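All remarks here apply to the structure that follows.
The values are calculated or read from the model by the stated rules, or taken from the named source; none is laboratory data. Computed from a predicted model, the values in this text were never measured in an experiment. No Cβ is skipped: glycine too gets one built from the backbone with ideal geometry, and neighbour counts run over all protein chains shown. In case anyone asks, the SASA skips ligands and DNA or RNA and just uses the protein heavy atoms, side chains included. Shrake-Rupley method; radii C 1.70, N 1.55, O 1.52, S 1.80 Å.
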Amino acid sequence: IQELGVSTNANYKITFMLDSAAMITVHTPRRGLIDVKPLGVIWGKFSEYYSKKNTIMFDDIGRNFLMNPQNGLKIRPFMKAHLNRDKDKELLKLTQYLKEIAKLDDFLELNHKHWERYLSKKQGQ
């Protein structure tokens, strides 16, 4: 996020950024103790604005949304920024997806795992 200048550029319209400092530790039978990002904190604190129906979280580590899998979208990692800055178009494509799903009242029926397929269908209509 720092490499992209998200927190210092007024062109980004980000409501929340939860980094590793906001993570909590949970125990899972399969993986043992892991750290996850708790969207429930946002939903509890700002329930009049945010819920499972209108929240999406991007991360390149899928286990980070283990507590809220329906609200997570796993993105490709942004690696070697100094070499790939001009070639990485992941967030540009995601912008189009976000514009499409912003029209919906409820994200619960979406499968964010297939966001590119959803976007292709919508753009083909």
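Out of these labelled values of Rg and Dmax of the Cα atoms in Å, (i) 14.0, 43; (ii) 16.0, 44; (iii) 15.5, 45, which was calculated from the coordinates shown here?
Of the labelled values, this structure produces (iii).
Can you spot the lysines whose alpha carbon is less than 22 Å from Lys45's alpha carbon? Ignore those fewer than 8 places along the same chain.
Lys13, Lys37, Lys53
To the nearest 20 debye, what is the magnitude of the charge dipole of the stretch 2-124 about its Cα centre, counting +1 on the Cβ of each Lys and Arg and -1 on the Cβ of each Asp and Glu?
360
Taking a probe of 1.4 Å, how large is the accessible area per residue of the chain, in Å²?
Result: 74 Å² per residue.
Pulled fully out, how much extra length does the chain show between Asp35 and Tyr49, if you take 0.36 nm times their separation in residues and subtract their Cα-Cα distance?
2.5 nm
222 nm [θ] for the chain, helices only, -39500 (n - 2.57) per DSSP H run of 4+, per residue, to 500?
Only helices count here, giving -7000 deg cm²/dmol.
Would you mind telling me the share, in percent, of accessible area of the chain contributed by carbon and sulfur at probe 1.4 angstrom?
That fraction is 52 percent.
Arrange the residues Leu119, Leu18 by how much accessible surface each exposes, largest first, with a 1.4 angstrom probe.
Leu18, Leu119
Provide the per-residue ³J(HN,Hα) series for the stretch 7-16, in order, calculated from phi with Karplus coefficients 6.51, -1.76, 1.60 and θ = phi - 60°, each as a whole number of Hz, with x at glycine and proline positions.
7, 10, 10, 5, 6, 7, 10, 9, 7, 9
Where does the charge balance sit around Lys53 when Lys and Arg score +1, Asp and Glu -1, over other residues with C-beta under 9 Å from its C-beta?
-1
Taking the full set of protein chains and a 1.4 angstrom probe, give the accessible area of Ser20 in square angstrom, rounded to the nearest 10.
90
Once R0 is set to 22 Å, what does the formula 1/(1 + (r/R0)^6) return for the Cβ-Cβ distance between Val26 and Glu100, expressed as a FRET efficiency to the nearest 0.05?
Once the sixth-power term is evaluated, E becomes 0.10.
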